[in-house]
Amino acid sequence: MLETFVIDKLNIELVQGDITELKVDAIVNAANPYLRHMGGVARAIVRKGGDEIQRESDEYVRRHGPVPVGGIAVTGAGRLKAKYVIHAVGPKYGDPAGDVKLASAIRNALNKADELGLSSIALPAISTGVYGYPYERCAEIMVEIIKKEVRNMRNLKRIVVCLYDNEAYNKFIKVFRGKIIQ
Ligand code: ADP
């Protein structure tokens, strides 16, 4: 399943599937502050991309300390088709400042990809797994940030939002259709 929205010549694609299969310049990981990629999408990324992603992540935390919630860290992507993994740390649902931090994680990931000169990026539904965010809430925050940031993008041409299951895909599609007037 795939649906494309266009804002300012930038393509926003919603797809259902496994983010590790996508051919994009950067894949965003839904990470935790210690970049311990033990479950969910993080585990899938390391399993397919290789242990070097975990080793680089460990090295990052050793040097810079844990990544703040709402922040990001960049590593290589090992054997994945992507060039980079952008590890974005989302909030846990129930954090009083959670929405602001989720917006910040998404904004930082998009800006970093653009700064790196990349033309395509794929994002999962950050914080909607173990961290408990409802899909609709994540979708609303993501679409608002994408709409705002699109104007500032110099290199990014394609943003793929990758939803793992049917329920997530259907809920995201509904929100994006409602918020992006084509
Ligand atoms: P968080 O801790 O931020 O909630 P999770 O990895 O637990 O992160 O879940 C984030 C989202 O990623 C969930 O919606 C989950 O269904 C989804 N997900 C899990 N595996 C994959 C995958 N291989 N590709 C894309 N999305 C995935």
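Let me know the shape class of the range 7-90, please: from the alpha-carbon gyration tensor, a ≥ b ≥ c as square roots of the eigenvalues, rounded when a/c is under 1.5, otherwise prolate if a/b is greater than b/c, or oblate.
Prolate is the answer for the range 7-90, as a/c is 1.5 or above and a/b outweighs b/c.
What is the helix-to-structure angle for 135-149, meaning the angle in degrees between its Cα long axis and the longest Cα principal axis of the chain, kept from 0 to 90 and rounded to the nearest 10?
80 degrees
For the range 142-158 and the range 6-74, write down the distance between their C-alpha centroids in whole Å.
Result: 19 Å between the Cα centres.
Just the accessible area for Asp95, please: 1.4 Å probe, Å², rounded to the nearest 10?
40 Å²
Given a 1.4 Å probe and every protein chain left where it sits, what share in percent of the accessible area of the range 2-179 is carbon and sulfur?
Carbon and sulfur together cover 48 percent of it.
Over the chain, average the accessible area per residue using a 1.4 Å probe and give it in Å², no decimals.
Details: 8790 Å² over 182 residues.
Per residue, the chain has 48 Å² of solvent-accessible surface.
Under a Cβ-Cβ cut-off of 14 Å, what is the net charge of the residues other than Gly40 that fall near it, where Lys and Arg count +1 and Asp and Glu count -1?
Residues close to Gly40 contribute a combined charge of +3.
In deg cm²/dmol and to the nearest 500, what is the mean residue ellipticity at 222 nm of the chain if only DSSP H runs of at least 4 residues count, each as -39500 (n - 2.57), divided by the residue total?
Dividing the helical sum by the residues of the chain leaves -12500 deg cm²/dmol.
Where both partners of a DSSP beta bridge lie in the chain, what percent of those bridges are antiparallel, to the nearest 5?
Restricted to the chain, the bridges split so that about 40 percent are antiparallel.
Just to confirm a number: summing +1 for Lys and Arg and -1 for Asp and Glu over residues other than Asn170 whose beta-carbon lies under 14 angstrom from that of Asn170, what do you get?
-1
Could you compute how much accessible surface Met142 exposes when probed at 1.4 Å, giving the result in Å² to the nearest 10?
The value for Met142 is about 0 Å².
Taking the 0 to 90 degree range and rounding to the nearest ten, how far is the long axis of helix 166-179 tilted relative to the main principal axis of the chain, both from C-alpha atoms?
Value to nearest ten degrees: 50.
The values are calculated or read from the model by the stated rules, or taken from the named source; none is laboratory data. What you see is a predicted model; the values in this text were computed from it and never measured. Neighbour counts are summed over all protein chains in view; Cβ atoms, including those assigned to glycine, are modelled from backbone coordinates with ideal geometry. The protein model used for the area step is the full one, side chains on, heavy atoms only, and it has no ligands, DNA or RNA in it. Shrake-Rupley method; radii C 1.70, N 1.55, O 1.52, S 1.80 Å.
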